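One structure is given below, encoded as structure tokens.
Just so it is clear, none of the values below were taken in a lab; they were calculated from the coordinates. None of the values given here were measured: they were computed from a predicted structure. When we count neighbours, we look across all protein chains shown, and the Cβ atoms used for this are built from the backbone with ideal geometry, even at glycine.
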Amino acid sequence: MIDIKFLRENPDVVRASQKARGEDVSIIEKALAADEIRKSALDQFETLRAEQNLLSKSVATAKGEEKATLLESAKALAAKVKEADVKRTQCEAEAKAFIMQISNVIDPQAPIGKEEDFVVIENVGKPRVFDFEPKDHVELGKLLGAIDTERGAKVAGSRSYYLTGVGAMLEFALVNYAITSANKAGFTPVIPPVLVNPSAMEGTGFLGQAAENVYHLEKDDVYLVGTSEVPLAAMHMDEILVAEKLPMRYAGYSTCFRREAGTYGKDTRGIIRVHQFDKVEMFSFCHPDQAKEEHLRLLQWEKDFLNAMEIPYRVIDVASGDLGSSANRKFDIEAWIPTQDAYREVTSTSNCTEFQARRLNIRFKDNDATKAVATLNGTLVAIPRMIVAILENHQNADGTVNIPAALQPFLGTKRFELV
RNA sequence: GGAGGGCUCGCAUAGCGGCCGAGUGCACCGGUCUUGAAAACCGGCAUACGAAAGUAUCGUGGGUUCAAAUCCCACGCCCUCCGCCA
């Protein structure tokens, strides 16, 4: 949710932001108009209410005939108050509905444009040149006894898979390495709930445009989270954080569930795009003035991870049209996937400034004022895509796979052998 | 799933339908006193919107009433017991 005051004072900035995102610009006039109506309805209600409170008090002390007369006018006033109250509630809901549709104001440094208009910030490492025909991760997964997509489909449908043997071991190693390094860096490790209530889902902004991608269990009215960003962000919902403790950093490990509606043709092979996967997510609550620096720090931790995995990658500055509605800037890291001859997204970090915290009502005391904190999130490791990157980049001609040095202590071996 | 009990300002509690935005104790902050501290004493101490007046908030939502922390209903959460269960 954007700051209504900011909107009132800087409608042009918000308008430009909406335009850059390719989103509805007219919503701004609607929101402002609705807000005016809201204010006057509120004012009317409050004036009437004040009158009623006063009158009610005089009823209490009045006696006999006087009381009867007062009661009569009080009754009439009560009806008017009720009417004004209904109207106020209505106007508030309408104003809020418009305001909620406005996305976060983009960072002026974010590239303007559509999905393909991202800017490459840097390339790290060089795509490996193979002196043999590299196999894709599905084939390697079979040879190593690591990934079984066929049985996954049999048991759970498309976009499902089993990680078996070294595949499962690799997940544990990745999670271990990620959590251990995050813990060292000062993150509090968290295993959050993945089944959350509507207010958590709503507050984090996943019931907007992203709604069709979340699983909803109707019978119990709970949602399966698509990322631990949801329970991590909602963790401090309705709280006032201690300023001295900021930034508060959490590393959440959880399973993520995604319906992947509308992606029928995309990435149907392998485990690049699946309905369920595990992920270690970084989440930070910080002072709004610190958000930009914090964002770069999250990016650095992501890079550190990729470097440790010895995988070539590039960092992109995501274009305005491809930002989530809560983010004002987003950096993606794309790992080189040899058999696709392309860089593919493996991690992503977003600066949500105060946008998400405002919705979730997460604040801190800044001197005397109570203000919304800034929230930021970033992937440390999303398991399946990392497995894809590792298997494909570190494969040998015979289908065995070399294990990056950083993971060796967790696996007790230097190479995955054929089964 | 069944039967009870409870949800009030950081914590613990008080609260008669109007005098309750709400008392008390503890904690906390400022001061007096003290060489310093403790104790004692004095003062302060919820949030949001608003320039202010004011309005709203006693788990949440509805209802009754001129008037609701207080009465009624629904829901949520916590606790105890029974059943089931990793």
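Normalised size of the stretch A:206-354, defined as Cα radius of gyration per 2.2 N^0.38 Å with N residues, equals 1.12. Beyond 22 Å in Cα-Cα separation lie the following of the pairs A:LYS184/A:LYS245; A:LYS30/A:LYS82; A:LYS114/A:LYS266; A:LYS292/A:LYS371: A:LYS30/A:LYS82. The calculated pair-distance distribution of the stretch A:153-273 uses every alpha carbon pair, bins of 5 angstrom beginning at 0, and gives 2, 9, 15, 18, 18, 17, 12, 5, 2, 1, 0 percent. Dimensions of the stretch A:185-253 based on its C-alpha atoms, expressed as ranges along the principal axes with the largest first, amount to 41, 23, 22 Å.
Can you give the Kirkwood hydrodynamic radius for the stretch A:353-419, in Å, rounded to one decimal and based on Cα pairs?
Details: mean 1/r = 0.0637 Å⁻¹.
Here the Kirkwood hydrodynamic radius works out to 15.7 Å.
Sorting A:GLU281, A:GLU417, A:GLU133 by the number of Cβ atoms found within 10 Å of their own Cβ, with the fewest placed first, yields A:GLU133, A:GLU417, A:GLU281.
Among A:HIS287, A:HIS295, rank each residue by its count of other Cβ atoms within 10 Å, from fewest to most, as a rough exposure measure.
Values: A:HIS287 16, A:HIS295 27.
So the ranking, lowest neighbour count to highest, is A:HIS287, A:HIS295.
What is the distance in Å between the Cα centroid of the stretch A:45-71 and that of the stretch A:141-176? About 73 Å separates the Cα centre of the stretch A:45-71 from the one of the stretch A:141-176.
Give me the one-decimal Kirkwood hydrodynamic radius in Å for the stretch A:240-320, with the sum taken over alpha-carbon pairs.
15.8 Å
Averaged over all directions, how much area does the convex hull of the C-alpha atoms of the stretch A:274-419 cover when projected, in nm²? Numbers along the way, then the final one.
Values: hull surface 44.2 nm².
Hull-based average projected area comes out at 11.1 nm².
Between the alpha-carbon centres of the stretch A:301-322 and the stretch A:203-276 there is a gap of 21 Å.
3J(HN,Hα) along the stretch A:337-344, derived from phi through the Karplus expression 6.51 cos²θ - 1.76 cosθ + 1.60 where θ = phi - 60°, amounts to 10, x, 6, 9, 6, 7, 8, 10 Hz, with x in place of Gly and Pro. Entry note, chain A: the mean residue ellipticity at 222 nm calculated from DSSP H runs of n ≥ 4, each adding -39500 (n - 2.57), is -13500 deg cm²/dmol after division by the residues and rounding to the nearest 500. The Rg/Rh ratio for chain A is 1.10, where Rg is the radius of gyration of the alpha carbons and Rh is the Kirkwood radius. Computed from the alpha carbon atoms alone, the convex hull of the stretch A:1-70 holds 100 Å³ per residue.
Over the stretch A:4-101, what is the relative contact order in percent, taking alpha-carbon pairs closer than 8 angstrom and at least six residues apart? The value is 40 percent.
When each of A:LYS75, A:LYS371, A:LYS39 is scored by the number of other beta-carbon atoms lying within 10 Å, the sequence from fewest to most is A:LYS75, A:LYS39, A:LYS371.
Can you give the convex hull volume of the alpha carbon atoms of the stretch A:1-122 per residue, in Å³?
Details: hull volume 12.6 nm³, N = 122.
So the per-residue Cα hull volume is 103 Å³.
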